[in-house]
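Each reported figure results from applying straightforward, stated rules to the coordinates on display, with no laboratory input. Values in this document were obtained by computation on a predicted structure and should not be read as measured data. So basically every Cβ, Gly included, is an ideal-geometry build from the backbone, and we count neighbours across all protein chains shown.
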């Protein structure tokens, strides 16, 4: 069954709860009190705002039911075996990030990525309860150490957050140092985990009076934040760069102190840095040194990553070769058109970061939409713009089901009927390699006199945790913050599907 959610931003907590209860009752007649099925693992999500009073964990672990009255924030998610029942606010955003683990007549359960263990949730930026996180993470760490060889390398996530929790509560700096030092030896850590480990490691080393070693990590982190000041939200940055008492850490002092939060500006250079990452493993400088393909200009950190990524890379190189040929043809006959093609080739690679597409597709609510939906954008050429990032402006955009949009995509790209699916499968398949933790994302851009371009990129699911859902994602599309208008196709039965979700 398909249900359409209506956006309703800016609601107070009381009104949010009222709207959510109404929404839940529409979906489930008996939703004022969830009955959890016996003999299964259960996960209940609760609003985790700092001003919300949460029920005791033990009470929920003992309960056979979870009532909305048990907390001043709404229960928003219940997992029953493999069947997921979601309750969302009217805008489609998950109402809370606080997930409590309860079991009924079963042993330890295998926790999936979208139902994180409570220790990780306690340690998250939205909850910030490291002391409680330790109570859950410690037995998980001990179990892994006894059952998995070099578990901190094979399964680093729990160890990273355990080390972070130890650092934040200042309970055992020597243990925190050992954990973080071991995890940092993992050569395959995503850049955000490397950053988190280095930030916390430097704090531990300071307290252990290993100042010179701490400075090495602080200098690295300062350099990284200067190159990527806008990659994380303000909430995440403050959690990383402020001490528990709210004072600036040494890394923040190296960036200029508290005023850095307000002075970090979005510039053409920082926009370009957002797209500067290995297209295979997502490594960023200074974690790894990057180089560019001479033809299609996308980044890789190694020849090995470039080789593995060849299925997608091949199509990109082919498209750019055709673009180069077209530019050569136009240079003598129509110089203005040739310059437009040159600017388009440069802009589409360097100034489309893709994070706004995560919000547009509603992946915080349903990550499977990365394979069933596409973002369509109409762009306008602005040849007189002084900055390269402003040469093209998105004037209209929308979210559509790929199956509904396919005829229009084939028309815009000059493909024969049936070729669009093959083209999309090639791009999304290459972008999505890496299993369930990778989300391939597609967007099609075109305009008057502008060649249609199918962009393919992928993100790890970490982007959902590091970037909370933003219903105003349209203002993120253009550098000047001007949101594009809704995209419509008059006379066609093609409906924007941003707020249309299955179930």
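Full-extension gain between residue 493 and residue 235, please, as 0.36 nm times their residue separation minus the C-alpha to C-alpha distance. Please report the intermediate quantities before stating the final value.
Values: separation 258, 0.36 × 258 = 92.88 nm, distance 4.11 nm.
88.8 nm is the gain from fully extending residue 493 to residue 235.
Would you mind giving the three semi-axes, in whole Å and largest first, of the ellipsoid equivalent to the stretch 310-502 according to its Cα gyration tensor?
Details: eigenvalues 138, 75, 60 Å².
In descending order, the three semi-axes are 26, 19, 17 Å.
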- Message: Run the simple label-point estimate for residue 245 and residue 227 please: 7 Å along Cα→C-beta, distance reported in nm.
- Response: 3.4 nm
- Task: Determine the distance separating the Cα centre of the stretch 452-495 from the Cα centre of the stretch 314-379; give it in Å without decimals.
- Result: 14 Å
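Between residue 482 and residue 502, what is the FRET efficiency for a Förster distance of 45 Å, r being their Cβ-Cβ separation, to the nearest 0.05? Before the final figure, lay out the partial values.
Values: r = 32 Å, r/R0 = 0.71.
After rounding to 0.05, the efficiency reads 0.90.
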- By how many nm would the segment from residue 339 to residue 146 grow when fully extended, if each residue of separation counts as 0.36 nm and the alpha-carbon distance is taken off? 63.3 nm
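How much length, in nm to one decimal, is gained on full extension between residue 263 and residue 416, taken as 0.36 nm per residue of separation minus their Cα-Cα distance? If you can, show how the numbers build up before the last one.
Details: separation 153, 0.36 × 153 = 55.08 nm, distance 5.02 nm.
So the extension gain works out to 50.1 nm.
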- Item | Distance (nanometres) between label positions extended 7 Å along Cα→Cβ at residue 294 and residue 153 | 3.7 nm
- Fraction in percent of alpha-carbon pairs per bin - 5 Å, the stretch 117-265: 2, 10, 19, 23, 22, 14, 7, 2, 1, 0
